[in-house]
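One structure is given below, encoded as structure tokens.
FYI, it's all coordinate maths here, none of it is from the lab. From a predicted model like this one, the values you see are computed outputs, not experimental measurements. Using ideal geometry, Cβ is built from the backbone for each residue, glycine included, and neighbour counts are taken over all protein chains shown.
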Amino acid sequence: MLAAAWQVGSVAVTLFGLLAITFFMGRLLPIDPVISIVGEQADKATYDMVYHRLGLDKPLAMQFLLFVGDMLSGEFGDALFTGNKVAVDLGRVFPATIELATFAIIIGVGVGVPLGVLAAVYRGSLLDHVARFVGLLGYSSPTFWLGLMGLIVFYATLRWVGGPGRLDVAFIDSIEPRTGLILLDAALEGEWEVFANAFGHIVLPGSILGYASLAYISRMTRSFMLEQLGQDYIIAARAKGMSRWRVVRRHAFRNIRVQLLTVIALAYAFLLEGAVLTETVFAWPGFGRYLTSGLLAGDMNAVLACVLIIGIIFVSLNLIADALYRLLDPRTR
């Protein structure tokens, strides 16, 4: 009980500190949220009225405490640049990012883990060099450049994939948004034409993000496997006559599962909050694009709500990874 209370307390302090730092740094930005609302040509009376309505005439500490109170009550306030409730906006944009990030992490894990294992097992071979080159290229290639090149080649020239956005105009509002995940909603309603169109739109941005996570996951998998394959127990197992792949599957890979969980959880968290450039290039109406728009508009209600969501994502994924550690490795219990 004491450990659980300590964990809850540390999470609360972390999120509070994250909000405080973001709030006070945001107030130092040379962006006037009132100007973003009323425009530069507004008269002083209009400016003062909006300034007072936003609570900017109160001390900074009071503004922060009022905002924290709104956060705790589930009210994030109004988004200045959309005119909607921030909670409504987040409910609209976050499913798009979840869908994109999940598609990407499936590619990253499905290809990156086997590639890293093979590269470690056949260290120094052509396959190892190819895997390392693929990882290096994934790290060094700018996401926005890959996105633009992908649109030019696969959409504009070859017409293999859909264009920007989540759906063609003809399919917008053609299904009921039960979960906000278009692929899942289309499958639930049996609208396979909508499903195919949505898949055509997500495959390119999802593959580009998946390639970035693949590079990270394959490199870390290779590193973990090389460390295990050099251990004495692996040499002893091979000396007893066990085949190479049986040793890899039953011993080496089982001992890196816990480490891989952390890598995959972090990769997924970064995909959920770090897909800004990809969402911008592909006009993907997601969380990262919404955060960027709020930041450029000086909309601290939207920015702080997004920062809180990001903090919750990282903390939650870490807690889930900790719980899975105990299931996979009894020594951590």
Mean separation of Cα contacts under 8 Å (at least 6 apart) over the residue count of segment 91-332, i.e. the relative contact order in percent, is 30 percent
Tilt, helix 60-72 to longest principal axis of the chain (alpha-carbon atoms), in degrees rounded to tens, equals 60 degrees
Total charge of the residues flanking Val121 in space, meaning their Cβ is under 10 Å from its Cβ, with Lys and Arg +1 and Asp and Glu -1, is +2
Expected sort for 163-172, 41-50 on mean C-beta neighbours within 10 Å, highest first, is 163-172, 41-50
So, with points 7 Å from each Cα along the Cβ direction, the Leu56-Thr262 label distance in nm works out to 4.4 nm
With the charge dipole of segment 13-134 built from beta-carbon charges (+1 for Lys and Arg, -1 for Asp and Glu) about the Cα centre, the Cα from Tyr51, Ala87, Ala20 projecting farthest to the positive end belongs to Ala20
Computed from every Cα-Cα pair in segment 165-262, P(r) in 10 Å bins starting at 0 and rounded to whole percents is 13, 28, 16, 18, 16, 7, 1
Computed for the chain: size of charge dipole around the Cα centre, +1 on C-beta of each Lys and Arg, -1 on C-beta of each Asp and Glu, debye to nearest 20, value 2180 debye
Rounded to whole angstrom, the alpha-carbon centroid of segment 149-177 lies from that of segment 54-110 at a distance of 27 Å
Residue-ordered couplings for segment 247-254, obtained by feeding phi - 60° into the Karplus form 6.51 cos²θ - 1.76 cosθ + 1.60 and rounding to whole Hz (Gly and Pro as x), are 5, 4, 6, 8, 10, 4, 5, 4
Karplus-derived 3J(HN,Hα) from phi for segment 207-218 (6.51 cos²θ - 1.76 cosθ + 1.60, θ = phi - 60°), whole Hz, x at Gly and Pro, runs 5, 5, 5, x, 5, 5, 6, 4, 4, 5, 5, 5
By the mean-Cβ-within-10 Å protection proxy, highest first, 209-220, 8-19 rank as 209-220, 8-19
If N is the residue count of segment 2-72, its Cα Rg over 2.2 N^0.38 Å rounds to 1.50
Amide H contacts under 5 Å for Lys85, restricted to residues at least 5 apart in sequence or on another chain and with H modeled in the peptide plane, are Ala79
For segment 1-110, the dipole about the Cα centre with charges only on Cβ (Lys and Arg +1, Asp and Glu -1), to the nearest 20 debye, works out at 220 debye
